[in-house]
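Peer 1: Before I ask anything, let me first share the structure, which is written out below as structure tokens.
The values are calculated or read from the model by the stated rules, or taken from the named source; none is laboratory data. Please read all numbers here as calculations on a predicted model, not as lab measurements. For neighbour counting, all protein chains shown are included, and Cβ atoms are generated from backbone atoms with ideal geometry for every residue, glycine included. Protein only, heavy atoms only, side chains kept; ligands, DNA and RNA dropped before computing areas. Shrake-Rupley method; radii C 1.70, N 1.55, O 1.52, S 1.80 Å.
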Amino acid sequence: MKQGKIYLKNCAFFLLIAAVLLLLACKGQVGQVKQEPQLQVAAGEQDLKVIYYGDRHNESREEVNKRLKQAMEGILAEEISYVPIGEEIVIKAENFETEEFSITDYILKENGEIRYDEKVAQTSVIPVNDGAVSFPLPSHFAAFLSSDSEDYKPGKTIRGFVVRAEIDDAPFAFAFILRTDAEMVIETDNE
């Protein structure tokens with residue numbers, strides 16, 4: 001009986017040593033696992049909130065629309081960052097490399113839902129240089145499709161940008177929302 005207990009203790013000790021060695025080996029592997037990709041978006045001096053889609057659930061209009069609506073829950077349109085037409089937008093890859101960003105520009109309703117058919121979304125493919133792209137915020141022709149005159153007032157156009165990138169052979173997506181004008185506002189001096 002005593003010899004059986006010693007045998008069990010030795011087996012348990014051996015299993016414990018094997019488990020510790022296995023954990024140490026795994027720890028070396030875990031250190032090599034990449035972090036989730038992150039994107040930084042700025043317009044002028046302000047940082048814009050980035051919505052992370054990851055490498056799943058970002059292909060269909062319904063999936064994209066769902067995340068945009070979730071991001072707008074409990075937010076008033078006036079609380080969205082205002083970016084004037086022509087302001088420089090900078091998109092920077094934080095911890096990943098990619099050759100280009102595909103950027104799709106949607107007009108949104110105040111609840112974050114995509115307003116118009118997919119045919120009016122504007123998509124641009126921009127090459128990445130030193131991990132970043134920049135472009136002046138263009139006007140969007142679909143901003144002129146509304147029959148509501150309120151939509152043409154300054155700061156009343158809500159736009160959602162979905163940024164796609166190929167990262168380690170997987171399609172990742174991010175998004176950001178901003179508020180702007182239907183067209184460029186040119187101020188004149190009426191003296």
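Peer 1: With a point put 7 Å past each Cα toward its Cβ, work out how far Asp117 is from Lys153 in nm, to one decimal.
Peer 2: Placing both labels 7 Å beyond Cα along the Cβ direction yields 3.0 nm.
Peer 1: Mind grabbing the accessible area of Ser60 for me, 1.4 Å probe, Å², rounded to tens?
Peer 2: Estimated to the nearest 10 Å², Ser60 gives 40 Å².
Peer 1: A further question on this structure: Run the dipole for segment 80-158 about the Cα centre, Lys and Arg Cβ at +1, Asp and Glu Cβ at -1, nothing else charged, and hand back the magnitude in debye, nearest 20. Intermediate results must be reported in sequence, preceding the final value.
Peer 2: Values: 6 positive and 15 negative charges, 60 e Å.
Charge dipole, segment 80-158, about its Cα centre: 280 debye, nearest 20.
Peer 1: Output the pairs from Lys49/Lys92; Lys69/Lys92; Lys92/Lys119; Lys49/Lys119 with a Cα-Cα distance over 18 Å in this structure; if there are none, say none.
Peer 2: Numbers: Lys49/Lys92 13 Å; Lys69/Lys92 24 Å; Lys92/Lys119 27 Å; Lys49/Lys119 26 Å.
Checking Cα-Cα distances, Lys69/Lys92; Lys92/Lys119; Lys49/Lys119 exceed 18 Å.
Peer 1: Sorted by accessible area (1.4 Å probe), largest first, how do Ser139, Ser102 line up?
Peer 2: Ser139, Ser102
Peer 1: Continuing with this model, one more query. Figure the gain on full extension for Asp168 and Glu59 (residue separation times 0.36 nm, minus the Cα-Cα span) and round it to one decimal in nm.
Peer 2: Difference between extended and current length: 37.5 nm.
Peer 1: Give me the distance in nm between label points sitting 7 Å out from Cα along the Cα-to-Cβ direction at Lys69 and Val125, one decimal.
Peer 2: Distance between label points: 3.1 nm.
Peer 1: Determine the share of segment 99-179's accessible area contributed by carbon and sulfur atoms, expressed in whole percent, with a 1.4 angstrom probe. Spell out each step's value before the answer.
Peer 2: Working: 1860 of 3910 Å².
Carbon and sulfur together cover 48 percent of it.
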